[in-house]
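Participant: Got a structure here, written out as structure tokens. Questions coming.
The values are calculated or read from the model by the stated rules, or taken from the named source; none is laboratory data. Every value quoted in this text rests on a predicted model; they were computed, and no experiment measured them. As a convention, Cβ positions derive from the backbone with ideal geometry for all residues, glycine included, and neighbour counts pool all protein chains shown.
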Amino acid sequence: MHVNQIRLAASVLSIGVLTSAAFCDQPATTIAAWGLSDFNQMRLTGAVDIAGGSGHSMAIRADGSLVCWGYSDPYTCFDPALLKNVRSVSANTITTVIAHDDGSVSYIGYISPSLKPPTDLVNVDRVRIGNAYGLAILKDGSLRAWGSNSSGQTAIPSDLGTVRDVAAGYSHCVAIRQDASVAAWGANTYGQSTVPPSLGPVRGVVAGMSHSAALRDDGTVIAWGSNADKQCTVPADLGSVTQLASHSSAKENIALRFDGTIAWWGDPGSYAQYLPAGLRPATKIAMGQSHALALHADGTITAWGWSGNGQCATGSTRIPDKMVARGSVGFSVFADGSLEHWGNANRSFSSATAAPAIPADIGLVDSIAIGSSHFVAVRKNGSVRCWGRNSSGQCTPPVGLTSVVEAAAGGNHSLARRADGTIAQWGAFLPNPPATLSTATAIAAGKGFSLANQPSGTVVGWGDFSPPAAQVPATATNVIGMAAGMEHALALRQDGTVVAWGRNDYGQTTVPAGLTAITQVAAGDEHSLALRSDGTVAAWGSNCGSLGCGTNQSIVPAWVRGVRMVLGAGGQSIVVMDRNDCDNDGRDDPWQIRTGELDLNMNGQLDDCERSWGDMDVTGELDNADLSLLLLDFGPCPGCPTDLDGNGTVDFSDVALLMLSFGSVG
């Protein structure tokens with residue numbers, strides 16, 4: 001191609017380039033978390049498949065990345081370097097087994113020796129796991145099993161042949177052969193492995209704790225096995241079904257109809273039966289042990305049911321104005337005054353007859369505070385609304401309390417700061433604010449103590465002095481920010497240094513040496529966080545949680561950068577990051593070559609070699625010579641270096657990517 005033609009192509013493409021770049025002109029906001037995974041709050045979009053474990057949930061995105069949240073290994077459940085090219089995923093209690101595009105199998109979470117995939121397991125298309133065993137459909141349609149054989153669940157019938165699909169129950173299996181007939185084996189105490197003789201051709205099967213179900217070709221459903229919890233009592237009017245779902249530890253089922261609506265039947269004590277009001281039409285469904293998920297056409301997910309581990313906390317596609325978290329509960333407050341919650345405050349956490357986690361009369365909210373088991377919301381009109389436990393009157397604010405601009409909540413007490421700086425306190429029998437405290441610029445509260453920052457920059461504390469969290473050190477001067485953990489506190493000074501005090505059995509008040517240029521502090525129950533001015537995060541204190549030590553909330557992952565807000569929540573750390581991440585998958589996107597920031601190997605950091613992607617003649621600049629090399633390969637070109645977007649063809653999208661960063665890349 002002549003050089004003038006190259007220049008013409010570049011000028012024509014520049015219109016499209018500007019349009020593409022516009023989507024990423026402002027860095028996208030990513031909300032991520034690590035540590036004890038009581039909940040994850042994220043902008044979860046772009047999903048193409050879903051799966052549920054006993055206490056966690058999973059989504060596969062269009063780019064092959066896997067996101068998981070809930071009771072799972074949080075370090076591996078977010079790191080994009082370990083979760084890519086995912087083809088299929090299955091989970092039981094706290095173990096996830098993954099089949100990758102190359103036919104390999106990996107696992108994350110906590111795994112028993114019997115459930116570890118065999119080292120010679122290759123050419124895998126899909127995986128399914130039960131209580132202590134696994135199944136893999138190979139790419140040739142054959143079936144491979146491993147793990148416990150206590151009930152014959154891994155003894156594949158000799159006449160099975162090749163299969164279309166297979167379901168793994170607690171200790172029994174159900175498979176669809178290529179001819180659409182069904183075979184079952186393993187535990188049969190309740191007849192769950194006795195296939196009905198009149199079943200006919202099927203296109204879907206599921207296996208639960210001790211029951212089985214099949215979706216016939218005509219869209220009807222039949223179930224067999226234990227019916228103690230009505231899991232085999234299929235609704236009489238259920239028809240036009242396109243997908244079934246259950247879980248190896250479940251006593252219930254859900255069905256997706258042709259019109260995108262969902263039906264549930266089974267265990268009358270299950271929280272999954274309470275489908276969210278206004279549930280949008282779904283394209284796919286999945287079940288965990290006692291929660292369910294629906295995938296929508298726009299790639300978003302709705303989850304409901306038991307969310308004690310945050311498995312229903314799929315987050316929001318909206319950007320919050322404020323976020324707050326404590327223990328295993330979190331809230332997002334939006335600029336329009338609306339409120340969303342996640343973690344153990346998920347809207348489906350309790351039954352439909354119980355009090356909702358957010359009161360219907362909440363109104364427009366400006367901010368919110370979280371105590372041990374109660375919540376205090378400051379409305380935009382300056383009034384407060386409390387809900388939750390009221391054992392000590394912590395949810396009974398003083399009559400006539402108005403002009404409130406900030407609230408704080410401790411173990412069993414609450415605080416409010418009025419616009420004039422005065423403080424109201426109610427709840428547990430704690431001392432009143434000191435008489436010397438006339439006005440405050442900020443307030444905070446822990447398990448049994450309260451803090452107020454005065455206009456002079458000094459901090460006043462009062463309350464339970466048994467752990468000395470309320471005994472503010474003399475070094476807490478020129479304070480511009482505060483945070484309170486369970487029994488410790490942090491103060492940010494005007495010079496960017498941090499002072500910490502209170503309980504220190506995990507080192508939560510031992511501020512790292514040389515910690516400077518801090519712009520925000522946050523506290524979990526027993527760990528501390530600090531945000532530096534360069535967007536990096538420091539953490540110290542406990543790395544333990546209900547799962548034991550090693551939950552790593554005080555070890556900041558390498559992919560955490562570009563942070564603009566930090567939160568501590570129980571045994572978890574949460575960050576809000578501004579990243580060049582247009583599809584919200586937790587890593588910088590290929591079109592961000594224009595900034596020289598491209599994470600080709602998806603290791604969560606920018607390596608030197610990744611700063612010159614597209615510089616094919618290695619001159620240090622993206623110029624017409626590189627464009628010439630690219631255009632020489634125009635057309636099918638799988639794997640070649642000029643295929644910048646990796647779609648197998650060198651085309652105008654590759655030219656557009658190159659043009660985004662024309663000039664120096666050094």
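Participant: Right, G161: touching a Ser or Thr at 6+ places or on another chain (Cβ under 6 Å) and either in the same structural domain as L115 (by TED's automatic domain parsing) or more than 22 Å from M287 (Cα to Cα) (or both) or not?
Facilitator: On the way: touching a Ser or Thr at 6+ places or on another chain (Cβ under 6 Å): no; either in the same structural domain as L115 (by TED's automatic domain parsing) or more than 22 Å from M287 (Cα to Cα) (or both): yes.
So G161 fails the test.
Participant: Looking only at the range 47-70, decide whether some residue is modelled with pLDDT under 85, among the β-branched types (V, I, T), surrounded by fewer than 20 Cβ atoms within 10 Å (Cβ to Cβ) and over 20 Å from I301 (Cβ atoms).
Facilitator: Within the range 47-70, none of the residues are modelled with pLDDT under 85, among the β-branched types (V, I, T), surrounded by fewer than 20 Cβ atoms within 10 Å (Cβ to Cβ) and over 20 Å from I301 (Cβ atoms).
Participant: Okay, moving on. Just to verify a result, which residue in the range 509-535, among those that are touching an Asp or Glu at 6+ places or on another chain (Cβ under 9 Å) and at pLDDT below 95, is surrounded by the fewest Cβ atoms within 10 Å (Cβ to Cβ)? Write out each step before concluding.
Facilitator: Here is the first cut: in the range 509-535, the residues touching an Asp or Glu at 6+ places or on another chain (Cβ under 9 Å) are 516-517, 525-526, 535.
Going one step further and asking which of them are at pLDDT below 95, we end up with 525-526, 535.
On the way: D525: 26, E526: 25, G535: 16.
Checking each candidate, the answer is G535.
Participant: How about the range 243-262: which of its residues are more than 24 Å from H172 (Cβ to Cβ) and touching a residue at least 24 places away in the same chain (Cβ under 8 Å)?
Facilitator: Residues of the range 243-262 more than 24 Å from H172 (Cβ to Cβ): 257-262.
Within the range 243-262, F258, I262 meet the criteria.
Okay, residues lined up against (1) assigned to a loop (DSSP other than H, G, I, E, B); (2) closer than 23 Å to H211 by Cβ; (3) of a type in the set (D, E, K, R):
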{"residue": "T93", "(1), (2), (3)": "yes, yes, no"}
{"residue": "I108", "(1), (2), (3)": "no, no, no"}
{"residue": "P117", "(1), (2), (3)": "yes, no, no"}
{"residue": "I137", "(1), (2), (3)": "no, yes, no"}
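Participant: Among the residues of the range 478-488, is there at least one that is outside any strand (DSSP E or B) and either surrounded by fewer than 21 Cβ atoms within 10 Å (Cβ to Cβ) or modelled with pLDDT of 95 or more (or both)? Break it down stepwise before answering.
Facilitator: Restricting attention to the range 478-488, the residues satisfying the condition of being outside any strand (DSSP E or B) are 478, 485-487.
Retained after the next criterion (residues that are either surrounded by fewer than 21 Cβ atoms within 10 Å (Cβ to Cβ) or modelled with pLDDT of 95 or more (or both)): 478.
Within the range 478-488, one or more residues are outside any strand (DSSP E or B) and either surrounded by fewer than 21 Cβ atoms within 10 Å (Cβ to Cβ) or modelled with pLDDT of 95 or more (or both).
Participant: Out of all the residues in the range 480-523, which are in contact with a Gly (Cβ under 6 Å, 6 or more places away or on another chain), hydroxyl-bearing (S, T, Y) and farther than 17 Å from I555 by Cα?
Facilitator: Listed by number, the list holds a single entry, T516.
Participant: Within the range 179-198, which residues are at pLDDT below 95 and in contact with a Ser or Thr (Cβ under 8 Å, 6 or more places away or on another chain)?
Facilitator: Passing the criteria: none in range.
Participant: If you scan the range 303-322, which residues turn out to be aliphatic (A, V, I, L, M) and either modelled with pLDDT of 85 or more or surrounded by fewer than 20 Cβ atoms within 10 Å (Cβ to Cβ) (or both)? Before the answer, list the steps.
Facilitator: Narrowing the range 303-322 to residues aliphatic (A, V, I, L, M): 303, 313, 319.
Scanning the range 303-322 gives a single hit, I319.
Participant: Here's something else I'd like to know. If the requirement is being of a type in the set (V, I, T), touching a residue at least 60 places away in the same chain (Cβ under 8 Å) and closer than 20 Å to V206 by Cβ, which of these qualifies: I156, I176, I137, I129? Can you show your working first?
Facilitator: Details: I156 fails: touching a residue at least 60 places away in the same chain (Cβ under 8 Å); I176 fails: touching a residue at least 60 places away in the same chain (Cβ under 8 Å); I137 fails: touching a residue at least 60 places away in the same chain (Cβ under 8 Å).
Among I156, I176, I137, I129, only I129 is of a type in the set (V, I, T), touching a residue at least 60 places away in the same chain (Cβ under 8 Å) and closer than 20 Å to V206 by Cβ.
Participant: Let me ask you something else. Please work out if Y190 is aromatic (F, W, Y), crowded, with 20+ Cβ neighbours inside 10 Å and assigned to a loop (DSSP other than H, G, I, E, B).
Facilitator: Values: aromatic (F, W, Y): yes; crowded, with 20+ Cβ neighbours inside 10 Å: no; assigned to a loop (DSSP other than H, G, I, E, B): yes.
For Y190, the condition - aromatic (F, W, Y), crowded, with 20+ Cβ neighbours inside 10 Å and assigned to a loop (DSSP other than H, G, I, E, B) - is not met.
Participant: Sort out which residues of the range 71-98 are among the charged types (D, E, K, R) and either in contact with a strand residue (DSSP E or B) (Cβ under 7 Å, 6 or more places away or on another chain) or at pLDDT below 70 (or both), and write them in order of number. Don't jump to the end; show me each part of the working.
Facilitator: Taking the range 71-98 as the starting set, the residues that turn out to be among the charged types (D, E, K, R) are 73, 79, 84, 87.
Of everything in the range 71-98, those that are among the charged types (D, E, K, R) and either in contact with a strand residue (DSSP E or B) (Cβ under 7 Å, 6 or more places away or on another chain) or at pLDDT below 70 (or both) turn out to be D73, D79, R87.
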